[in-house]
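Worksheet: one structure, shown below.
Taken together, the values in this text are just the output of simple stated rules run on the coordinates, not laboratory data. The structure presented is a predicted model; accordingly, all values stated were derived computationally and were not measured. Here the Cβ positions follow ideal geometry from the backbone for every residue, glycine too, while neighbour counts run over all protein chains shown.
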Amino acid sequence: MRALAVILAIGIVLMTESAISQSKLAATPTSGAPPLVVDFTGAGSGAAEGVMVLDFGDGQTDDSISTVRAFKRTHTYAAAGTYTAVLKSGAFDGQRPSALTIVGRVEIKVQ
């Protein structure tokens, strides 16, 4: 019975993480020829204090995303390749953000 409870709890966490990943970050288009201009949309974490970082997967990031509002960002991918854009969220720990948690992920294919 105890092992079953642990398995069920893990299953719930995985389903919740998947649902968050799908709802917190979206991109249009997700494939095309370079230079590919992609619109990213999503939602903040809802926390009154904290940080949201959008890592575009090509070495550029945007840390100006509000934690309490929806956002839209446009990014241009200049070179062919497959990129994983990742939205991360975390709380402040003094003057710097603590460990960030991935809350959204989108794959971009530039061909």
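Here are some notes:
- Note on R73 and A48: with the Förster distance fixed at 30 Å, the Cβ-Cβ geometry gives a FRET efficiency of about 0.85.
- Fully extending the segment from T84 to V37 would add 15.4 nm, taking 0.36 nm per residue of separation and subtracting the current Cα-Cα distance.
- Efficiency of FRET between A91 and A26 - r from beta-carbon atoms, R0 25 angstrom, step 0.05: 0.55
- R0 of 22 Å, Cβ-Cβ distance A99-D62: FRET efficiency to nearest 0.05: 0.70
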